[in-house]
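Here the structure comes first, spelled out in structure tokens, and everything after it is commentary.
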Amino acid sequence: MTDDSATRARRQDPVQAPTPDARRDDANGAPRDTAQPRMGGDTGAVAPSAMGVRRFGRVNWQGTRTLAGREVQRFMNVWSQTVMAPLINAGLLLMIFTIAIGPQRGDVMGVPFMTFLAPGILIMTVIQNAFANTSSSLASAKVGGNIVDTLMPPLSALELLAGYLAGALVRGLIVATVIGLGAWVFLGVTTQNILWVFVFVSLGSLFMGGLGMIAGIYANKFDQLSAISNFLVTPLSFLSGTFYSIEALPGPLQAASHANPFFYIIDGVRYGMIGVSDSSPWLGLVIVLASTGVVMGIVWRWLDRGYRLKA
């Protein structure tokens with residue numbers, strides 16, 4: 001073979017220089033296997049990587065805890081506005097009622113008026129804060145354009161629902177605890193049945209947190225969110241026996257109050273704190289549970305479809 005023929009043969013069949021890792025493996029006497037996984041043994045087809053597969057079990061506990069922690073930290077970072085402000089507002093309401101009509105008003109359902117009033121103001125403040133926690137979080141994310149940061153992680157609709165409602169529940173329980181301590185210190189109102197109070201405060205927080213998510217998902221700007229709060233949430237919370245017994249209402253208004261879930265939340269907390277109520281706490285428990293389930297079902301459906309979130 002001439003020199004020209006040898007040169008052409010080397011060009012047609014080049015020899016690759018061994019990599020440093022390969023030389024190191026050869027020196028150790030154990031060649032390194034760099035072949036990629038193949039389908040069906042050595043048929044030659046490389047197995048595609050699985051995409052979109054959940055690698056953390058049936059429930060993404062870590063993601064749900066992270067979302068819940070974010071929601072709690074969001075309002076705890078401004079605790080003076082989210083925890084202390086409700087306490088001050090509740091204190092001002094009690095002081096105004098005490099100065100204005102407290103001495104002249106007789107007992108209500110066998111208890112002093114201020115004692116009757118304290119549970120209503122407590123739960124009214126709780127449900128307003130629970131509503132504000134979820135509604136403001138979703139509305140702020142939508143208006144700010146960063147809702148995608150919540151939708152992109154591998155969280156199902158149920159896990160998103162649980163994370164947001166956890167923040168509303170924690171905020172409601174903290175506010176209830178703070179105001180309850182204030183009512184005990186300044187008014188001497190003691191809790192008759194802490195279990196009923198805990199149940200109705202928790203259900204009220206979850207119910208209003210779900211309504212807040214509905215409002216936050218539906219509203220595309222803060223004006224719409226404010227309208228829902230001002231024309232729906234506030235009137236229903238004020239006109240549900242917060243400041244009075246519904247026995248004082250005319251028949252048609254009494255019937256309307258009995259169809260209002262807000263009334264049963266307030267009435268249940270009042271029963272747990274001072275031992276009196278306008279209706280059976282067991283009936284209230286059933287109605288509030290059913291109402292909370294309906295609200296959660298609507299929110300879950302909207303989250304699952306991406307309604308007004310992925311447009």
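A few remarks follow.
- Taking helices (runs of 4 or more DSSP H) as the structural unit, those lying wholly within segment 151-266 and holding at least 3 residues that are closer than 30 Å to G57 by Cα correspond to 157-187, 194-218.
- Subset of segment 269-287 [in contact with a helix residue (DSSP H, G or I) (Cβ under 8 Å, 6 or more places away or on another chain), among the polar types (S, T, N, Q) and either part of a helix (DSSP H, G or I) or closer than 15 Å to N193 by Cα (or both)]: S277
- Condition met for T125 (under 20 Å from P86 (Cβ atoms), in contact with an Asp or Glu (Cβ under 9 Å, 6 or more places away or on another chain), part of a helix (DSSP H, G or I) and at pLDDT 90 or above): no
- Checked against the criterion of being free of Cβ contacts under 8 Å to residues at least 24 places away in the same chain, at negative phi and among the small types (G, A, S), the candidates S257, S291 yield just one match: S257.
- Residue pairs meeting the criteria (Cβ under 8 Å; at least 6 apart or on separate chains; first without any contact (Cβ under 8 Å) to a residue 12 or more places away in the chain, in segment 212-236; second part of a helix (DSSP H, G or I) and surrounded by 14 or more Cβ atoms within 10 Å (Cβ to Cβ)): Q224/Y218
- Any hit, segment 133-142, residues being of a type in the set (S, T, Y), closer than 29 Å to V276 by Cβ, surrounded by 19 or more Cβ atoms within 10 Å (Cβ to Cβ) and at pLDDT 90 or above: no
- Applying the set (1) in contact (Cβ under 8 Å) with a residue 12 or more places away in the chain; (2) not hydroxyl-bearing (S, T, Y); (3) not in a helix (DSSP H, G or I) to Q104 leaves exactly one unmet item: (1).
The values are calculated or read from the model by the stated rules, or taken from the named source; none is laboratory data. These numbers come from a predicted model, not from an experiment. So basically every Cβ, Gly included, is an ideal-geometry build from the backbone, and we count neighbours across all protein chains shown.
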